[in-house]
Amino acid sequence: MSSENKKILVTRSSMPDFEEYMEEIRPLWESAWLTNMGPLHERLRAELMDYLKVDGIALFTNGHMALEMALDAMQLSGEVITTPFTFASTTHAIVRNGLTPVFCDIEPDNYTIDADKIEALITEKTSAIVPVHVYGKVCDVEKIEAIAKKHNLKVIYDAAHAFGVKFKGRGIGSFGDASMFSFHATKVFNTIEGGAVCYSDSDFEKTLNFLKNFGITDKENVDFVGGNAKMNEFQAAMGICNLKHIEREIGKRKKVVERYLERLEDKEGLIVSGVQDGVESNYAYFPMVLDNYKISRNDLYDYLAGHNIFARKYFYPLITDYNCYRERFADCRLPVARRIADNVLTLPCYADLPLETVDKICDLILNV
Ligand code: T4K
């Protein structure tokens with residue numbers, strides 16, 4: 001396929017050099033210790049704690065199981081206030097824990113949960129808030145913390161998109177009672193599949209670690225109804241390699257995002273946004289919202305696809321419109337989330353995306 005006709009997808013996994021990865025996994029042929037909290041798992045854990053500036057971290061086989069087990073370990077009940085503008089995983093993790101999601105509308109600028117609308121949704125059944133740092137954009141963590149304190153609620157952040165993000169110099173994973181990161185192949189930092197939960201409470205840490213290993217507490221005791229969600233040594237090795245290059249990766253993403261902003265900011269009918277105040281970004285995604293643009297979101301999506309540019313409608317449809325939730329949440333009024341979901345397009349954004357391709361994508365959008 002000529003480079004002219006090459007498909008440009010919304011993202012492309014970052015990978016270390018083949019030899020570098022081989023060096024990390026070579027000792028596994030000697031030790032034959034492949035999973036269950038092995039030495040590479042422990043090394044990655046220590047390195048991530050340092051990089052993410054968090055007090056504690058537990059590694060998982062993927063981000064979804066990390067979130068599901070974090071909610072389980074919190075021993076929540078009743079209702080959980082959350083956002084409808086996210087990936088399926090966030091709501092599924094709540095529902096699969098037997099909890100009821102209560103959807104709060106989102107902010108029109110950052111697309112994160114609208115903290116000013118949370119209090120009106122709190123009832124005597126509410127036990128937690130699960131906000132999402134969607135696209136790596138930081139929620140109003142200060143307001144959320146104040147609300148949680150006032151009403152004695154737990155806060156578990158879905159920080160799947162926010163690896164390496166800092167707010168006012170603090171690692172984003174240090175906010176709330178716990179935060180989940182995804183290390184999926186499509187993320188800024190990947191362990192092929194993988195995820196983590198960050199926390200500071202040592203009792204929570206114990207429960208969480210038991211839960212991901214069948215609830216086994218020692219050789220002869222099983223105290224929890226756990227599952228299996230451990231990160232294996234091949235995943236950890238990928239993480240160790242990728243972490244070495246993370247600053248360069250984020251630096252390259254920054255250039256991509258800056259070029260998009262240069263080309264698309266202040267164009268009539270297009271809404272794109274830069275980095276929030278006080279935030280050190282990871283440049284994970286580049287969402288663009290169409291606001292009475294000369295062509296609809298769906299037509300622009302098709303037009304770009306016709307030119308081999310495969311943007312995505314992250315996050316459409318709204319969670320409340322999924323077949324599995326539609327009937328249950330038909331009464332939810334979420335006007336801002338609905339407008340954004342109906343008009344957003346996430347443009348290709350990854351470290352190795354050439355700036356000439358960014359220019360080509362912008363030319364297509366502007367001259368459509
Ligand atoms: N919470 C939130 C807010 C999330 O967004 C996610 C995951 C989670 C929780 C759960 O975390 P994990 O359990 O996944 O760790 C993708 C990812 O699979 C998913 O991890 C991610 N969010 C979601 C936003 O995006 P799809 O169905 O869009 O993936 P797919 O297969 O269409 O891939 C998208 C593009 O990525 C491809 O066009 C090319 C590229 N790609 C994909 C794969 C699989 C690669 O370059 N390499 C690859 O190996 O869900």
Which residue pairs have Cβ atoms closer than 6 Å, lie 6 or more positions apart in sequence or on different chains, and pair a first residue in the stretch 59-85 that is more than 17 Å from H161 (Cβ to Cβ) and in contact (Cβ under 8 Å) with a residue 60 or more places away in the chain with a second residue that is more than 12 Å from the ligand (Cβ to nearest atom) and aromatic (F, W, Y)?
-> A73/F204
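M22: surrounded by 15 or more Cβ atoms within 10 Å (Cβ to Cβ) and under 29 Å from E233 (Cβ atoms), yes or no?
Details: surrounded by 15 or more Cβ atoms within 10 Å (Cβ to Cβ): no; under 29 Å from E233 (Cβ atoms): yes.
Judged against the criteria, M22 is not a match.
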Can you tell me which residue within the stretch 37-68, out of those that are more than 17 Å from the chain's Cα centre (by Cα) and among the charged types (D, E, K, R), is surrounded by the most Cβ atoms within 10 Å (Cβ to Cβ)?
-> R45
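Residue-by-condition table, conditions (1) crowded, with 21+ Cβ neighbours inside 10 Å; (2) acidic (D, E); (3) not assigned by TED's automatic domain parsing to the domain that holds R26:
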position: T186; (1), (2), (3): no, no, no
position: E193; (1), (2), (3): no, yes, no
position: Y199; (1), (2), (3): yes, no, no
position: K206; (1), (2), (3): no, no, no
position: F210; (1), (2), (3): no, no, no
position: V225; (1), (2), (3): no, no, no
position: N228; (1), (2), (3): no, no, no
position: M238; (1), (2), (3): yes, no, no
position: K252; (1), (2), (3): no, no, yes
Are there any pairs with C-beta distances below 6 angstrom linking a residue in the stretch 171-185 that is within 17 Å of S127 (Cα to Cα) and at pLDDT 95 or above to a residue that is within 16 Å of the ligand (Cβ to nearest atom) and part of a loop (DSSP other than H, G, I, E, B), with the two at least 6 apart or on different chains, and if so which?
-> S179/A159
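Which members of the stretch 159-197 meet the condition of being among the basic types (K, R) and away from the ligand (no atom under 14 Å from the Cβ)? Reasoning before the result, please.
In the first step, residues of the stretch 159-197 are kept if they are among the basic types (K, R); the result is 166, 168, 170, 187.
Correct list: K166, K168, R170.
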From (1) modelled with pLDDT of 95 or more; (2) assigned to a loop (DSSP other than H, G, I, E, B), pick out the condition that doesn't hold for R339.
-> (2)
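Tell me yes or no: at least one residue of the stretch 149-158 is within 11 Å of the ligand (Cβ to nearest atom), modelled with pLDDT of 95 or more, within 18 Å of A66 (Cα to Cα) and not acidic (D, E). Lay out the reasoning, then the answer.
Quick first cut of the stretch 149-158, residues within 11 Å of the ligand (Cβ to nearest atom) only: 157-158.
Checking which are modelled with pLDDT of 95 or more leaves us with 157-158.
From what is left, the residues that are within 18 Å of A66 (Cα to Cα) are 157-158.
Checking which are not acidic (D, E) leaves us with 157.
Scanning the stretch 149-158 turns up at least one residue that is within 11 Å of the ligand (Cβ to nearest atom), modelled with pLDDT of 95 or more, within 18 Å of A66 (Cα to Cα) and not acidic (D, E).
The values are calculated or read from the model by the stated rules, or taken from the named source; none is laboratory data. Predicted model only: the values in this text are computed from it and were never measured. Methodologically, a virtual Cβ is constructed for each residue, glycine included, from the backbone with ideal geometry; neighbour enumeration extends over all protein chains shown.
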